[in-house]
Structure formats: structure tokens, C-alpha cells
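Working notes, structure below.
Bear in mind these aren't lab numbers, they're just calculated from the coordinates by the rules spelled out. Treat the numbers as computed from the prediction; the structure is a model and nothing was measured. Neighbour counts run over all protein chains shown; Cβ positions are idealised from the backbone, glycine included.
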Amino acid sequence: MEEHIKSAGSIRDTSINILDIIHQACNNLQITTFKRQIEACEHLIGKTPLIDVAVIGQFKAGKSSFINSLIDMRLLPVGVIPVTTVITRIKYGEKERAVITHFDGTVMEIPLDALEDYTSEAKNPANEKNIEVVDIELPSLQDYDGLRIVDTPGLGSIFKYHMEVSENWLPEVGAALLAISADRPLSENDMASIRELIQYTPQIVLLLTKVDLLSNDQKNEIVAFFKDTLRKELNREFPIYLYSVKDNVEKYRHRIEMELLVKFSVNRDLEFRKILQYKIKSLAKTYRSYLEIAYQTSLKTDADRESLRLQILGEKTSLTNIQEELIVMTRAQAIHTRTNIDKYLDRFKEPLTEKLIAKLENDMQGWRGNLWKLTRRYEEWLYEQLVSEIDNISVTEHKHFFGTLLKAQASLERYLASFQAMLGVNIERVLGVKMVPADWKIEITEPARPDITIGRVFDFHCDLLWFLIPMTIFGGLFKRHFVTQIPKLVYVNFSRLAAQWEVRINKVIEDIRKQAATYIRDEIITMDALLSKASGQTEDIQRLISGLDSQLIKLN
């Protein structure tokens, strides 16, 4: 027992030493690229050995349904559109409770039956309540003490709402269950998720959900396809678990509990040390390549160092030129945003108009009162109908608005990858050092949902005239006037919808352009410091590398 505790303390001490070396190098050599990974490792060292088992995957992979089935409670929201809007963490506790933590630091406890008001996209759209994380404690999870099951917004729902969701939260992951739906198995997005997860955790499990859609032969065929593809693409094998919330639930759940969750819980300290080792070693490996660049540069004369800087960075790394290229690249997409949205929404205008007219003619049969009352009733009715119908279209169809955003994101990621590749090739050619690239990821925040407006039905004030107008005679005329308003208001509000989404989407395009520019700027600043300011630091850099290597040996 003492040896076990000593080993745990040794891992922590060694990890702290490695981070101390990295901090020294950051300060001495102005390396700014690794802030997020360093923070994640520091957080992991400073916490109790509680392992986050994150359920990650593309939109509609069945993550929330799986967790509900696993804990045997319908706790998390599920639906046909993206529903999970914030990170939700579930662990053992002596009593049932749910605690909401907001981004401003305020904390509040809520009843479990109110959870959906805070975690679902329908009742907390775009996380407008500014919730950072929801923590749930359940006595029924005593067998999993020491684990925290984490539900995340879908990686494939395009947008991430705040800092601590999905991809940007990956450095915190202790173990990952990557949910993959049986109706669209192992897409390129799933492969990309696996490649990214490999950077952060040694514990990756593939969870094939919705297997009730498959025959036994199809299940075997898909599992064989998974194994073959992963061996070819990644030269690795991963545990694969089948799951269904409809058929053979107990059988599937028992296997996951016994082989994965209970094992993690019983061997929590050992598993925690493995995770900490993995994250620290991954960070140190990348960081060491940067120190090696600084070391090789420090051996050169001042004239040689300037020549190396020009050979490696060259004219392509002019921040002004890069900014201009990124602006041109993103604006070329942004100018088409409104046109694309309008074109897509055209298909909904006429059907909605016809639907509202038919509904109005039916509903108005029961309306009674004078012109003032009818007008107010109509305005309220039309507002409610447009809000319901157009908001539903906005929620269910907005993924079709994102063509320009996705193209801009893809262009920026290609640009970043090209920039990294250019640096890597130049560094290896000039210095003979194989650079391990830093983890760069474009983060996107979802636009807020648009609003609806209803103008005045009449161009004059009818409030004082209603008693002069006999509705028994002119009622039909005014009803026809109400009907004629509908096409115009449908058109106006679709135009508002398009305009508001255009503003929001183009703002996101501008935001991700700034992110890309910041990534490149930080890398240029880091490389410039490594290539031009290593003079006189050869021994210090060598000492940092030796210290890093000696600490890494202790981790093995």
C-alpha cells in the first residue's frame, strides 16, 4: 500500500517538475503556443484522482440516450435536433442533487426535474443562460465512485457554445467513449475525432450505438470493418462495445459496467496515473521539439541565426501579408452568406403563407368583438404563429445556412495546416529537427437565434374609430385585409431571419479568422524568439532539454 501511494506521489512530483521546466522555457524563450495544454495538465495535477469518462461523438450519435440508459434514469434531454447545450457531469453522491455553475462564477442548486431547462437546446438556446457546467450527484452510482460521466454537445452539430465544450474541452478528458451511430458508422469525422483524442488520453473506447437497427451478421460486419479500418489508418486497435437502448439493454450495459466503468473505479489511482503520464508525456514530446530548435539555433553565430530565421520563416510569415490573405479568404465566403440563406429560405415562404391563411380563416370563425379587439387578437395570433413557425424553421434548418461558414472554416484550417507544414519542412531542412506540431483547432461559437417582429396592421389608429365601424357590415372586408397582410409579413420576417443569421454567421467567420491569425501570430512570435533570441543560452537550453529528458525517464 505504501509503495502504491509513493508511486502516485512520484508521478505527481515528476509531472510538476516537467511543468516547471516548461514554464522556465516559456519565460526564457517566449514560447506562447502551449497555454491550453499546460493549463489542462496543471488542473489535472491539482485535482483529486477523479477520472472524467467523457461520452463524445457526432451529433445524434446517441450519447445522451446511452447515458440515460447507463444510469437507468431519463435524466438528460434527447430529441431529433441538437439538444445538449452545456457540459453535464454525473458522479456518485450521497443524495440526489444538481448544481449549476455559471461563467460568472455563481453557483445554484436546482431540482433534477428542472435539469432540461438548463441543459437542453430547446429551453436554453445557444446557452443563453451562460452556464459553464452542470454537476449531478446520484446515490445509484456508488459502484462508479471516483468516476465522473460527462455528456458533451455533439462534435458534429457544427457549433461549440463556450470555452469548455466538446473539442475545446478535450484536454480535460481522462477516458473517452466515442459514440458512433450504427446508421452512419465510422465517418471521416469519427476518424478525425479519434486522431484528436489520441493526443489527450490513452483510454479510448468505441461505442457503437443503435445496434438494434442491425442484424447479427451486420453487427459482425461493422465491427470487422472498424477493426480493419483502424489498423490501416492508425495502426492501432481500440475496444469496441455495442449498445442499444431498445434491445438487450442489460446485456450491453453489464459488459460496459464490468469491463470498463467498474474497472476504472476499482483501479482509479492506477488509471489516473496512466492518464496523467500520457498527457504530460504528450505535452513534453511536443515541447521538446521546440527546445531542440532553440538549441540548434543557439549553436550558430548571430549572422547564421539571422540567415536561419529568414530560411525558416521567410517572407511567407509576414504578419501583414498573412492578415491580408486571411481577410481576403474569409470575405470571399462572407459576401455570399445572405444570398445562400435567402435562396434556401425561398422554399418555405409560399407553403407557410398558405398554411397561415388557411389557419387564420379557420381560427377567425370563433373570434368576436369590435375592430379594436379583432385587430389586437389578429396581431397576437400572427405573432404567435410566425414565432412558432419561423423559429421552428430556424432551429431545424439552420444547418443549411452554414455553407459559407463551413467553407471559411475549412479554408482556414487548410491554411493553418499549410503554415505548420511549411514551418516543419523548413525546420527539418535547415536544422535537421523534426518538429512536433502544436495542437491548433478553430473554435466556433453558435450565433444567437433571431427574433420576430409584427408591425401595425393598419396605417392609421383605429382605436378611436372602432365604435363608428359596424362589424356586421364591414367584418368580411377587414378579415380579407388581415389575410392580405400575411404574405407581406411572412416575406418581411423571412428577410429578417436571413439578415440576422447573415450578421451572426459573418461575425463567426470574422471571429474564426481572428483565431487563425492569433494562432499564426503566436507561432511566429515563438519561432522568431527561438531563432533569434537563443544567443548565449546554449547551456541553459541544453540544461532544460536534459532536465526534461531525465524527468520523462522517470515517467516510464
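Which loop trypsin sites (Lys or Arg not before Pro) in region 324-410, with loop taken from DSSP, have no more than 10 other Cβ atoms within 10 angstrom of their Cβ? Here the trypsin sites (Lys or Arg not before Pro) that fit, given the DSSP loop and packing criteria, are Arg368. With Cα atoms defining each centre, region 364-426 and region 254-309 are spaced 41 Å apart in the structure. The modelled label-to-label distance between Ser550 and Leu319, using points 7 Å beyond Cα along the C-beta direction, is 3.7 nm. Taking Cβ atoms as reference points and 15 Å as the exclusive limit, the residues near Val266 contribute a net charge of -2, counting Lys and Arg as +1 and Asp and Glu as -1.
Model label points for Arg184 and Asp528, set 7 angstrom from Cα along the Cα-to-Cβ axis, are 4.3 nm apart. Counting Lys and Arg as +1 and Asp and Glu as -1 over every other residue whose Cβ lies under 13 Å from the Cβ of Ala224, the net charge comes to 0. Applying the criteria of a DSSP loop state and at most 11 other Cβ atoms within 10 Å to the GluC sites (Glu not before Pro) of region 225-319 yields Glu237.
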